[in-house]
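**Student:** Below you will find the structure I want to go over with you.
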Amino acid sequence: RSHNVAHRDFWPFYEECAKQGVAVAFHASGSDTLDPLGHFENFLQIHTCSHAPEQLLACTAVIYSGLLEKYRDLRVAFLEAGIGWVPFWMEHMDEEYEFRGEWDAPSLTKKPSEYITSKNIFVACEPEERLLPETMRLIGSDCVVFASDYPHWDGSFPDSLFELEGREDLTDEQKHQILIDNPKRLYGLK
């Protein structure tokens, strides 16, 4: 039987990561994980519905499980799905929590959106995302990191870093946070 990423069987792993100051990063499988639901016919369909939905599932499991309440020093990152999904999912989770949280997520002490902006959660952005400035306005800029596992067949490598640096709709401070400050904090680097 398979489990979601926050199943209690995995909590000893998360406990040790929190103790050691090691971040946990969630990356989508990028394969046919959701194919049993989509019954896809080609790679384009599979790839389109792999990364973001898998991060939505991981985020839901991590937050509602109470994992971040139990291990308050745990840092987690949701990678490789862009950042545009975050405001939508924060609002959606808050609404769901409002009606069912007391029964189904009793260990939470704040709204799901407050966990996302708590400095324990990080989300990777892609350099070309049009919604990046607006998303950072909504969730803050302290949790955004650069998607750095290049090269990718579907990315602008080797120009991806320069693409982000060249954006005129981000401040120099925001770029510094995304490229340097936030990744250092995520991975516990000095």
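The values are calculated or read from the model by the stated rules, or taken from the named source; none is laboratory data. Quick caveat, the model's predicted, so the values are computed rather than measured. In this analysis, Cβ positions are derived from the backbone assuming ideal geometry, glycine residues included, and neighbour counts consider all displayed protein chains. Just the protein is used for accessible areas: all its heavy atoms, side chains included, with ligands, DNA and RNA removed. Shrake-Rupley method; radii C 1.70, N 1.55, O 1.52, S 1.80 Å.
**Student:** Given only helices, namely DSSP H runs of n ≥ 4 each adding -39500 (n - 2.57), what is the per-residue ellipticity at 222 nm of the chain, to the nearest 500 deg cm²/dmol?
**Tutor:** Values: 11 runs with 88 residues, N = 190.
Theoretical 222 nm ellipticity from helices: -12500 deg cm²/dmol.
**Student:** Mind checking the full-extension length gain between His92 and Lys19? Use 0.36 nm per residue of separation minus the Cα-Cα distance, one decimal, nm.
**Tutor:** Working: separation 73, 0.36 × 73 = 26.28 nm, distance 3.13 nm.
Answer, rounded to one decimal: 23.1 nm.
**Student:** Further question on the same structure: Could you point to the label whose value was computed as semi-axes √(5λ) of the Cα gyration tensor in Å for the structure here, given [x] 39, 20, 14; [y] 26, 22, 17; [z] 33, 23, 13?
**Tutor:** Step by step, semi-axes √(5λ) of the Cα gyration tensor in Å for this structure corresponds to label [y].
**Student:** Pick from Gln55, Gln177, Gln20: which residue has the top mean-square fluctuation in a GNM of the chain where Cα pairs under 10 Å get a spring?
**Tutor:** Gln20
**Student:** May I pose another question? Pulled fully out, how much extra length does the chain show between Tyr187 and Glu41, if you take 0.36 nm times their separation in residues and subtract their Cα-Cα distance?
**Tutor:** Details: separation 146, 0.36 × 146 = 52.56 nm, distance 3.82 nm.
Residue separation times 0.36 nm, minus the Cα-Cα distance, leaves 48.7 nm.
**Student:** A further question follows. What's the carbon and sulfur percent of the chain's accessible surface, probe 1.4 angstrom, rounded to a whole number?
**Tutor:** Of the solvent-accessible surface of the chain, carbon and sulfur hold 54 percent.
**Student:** Just going by the charge dipole of the chain, with Lys and Arg at +1 and Asp and Glu at -1 on Cβ, which of Leu56, Leu68, Phe26 is farthest out on the positive end?
**Tutor:** Leu68
**Student:** Write down the accessible area per residue of the stretch 1-136 in Å², having rolled a 1.4 Å probe over the full set of protein chains.
**Tutor:** In whole numbers, the stretch 1-136 has 55 Å² accessible per residue.
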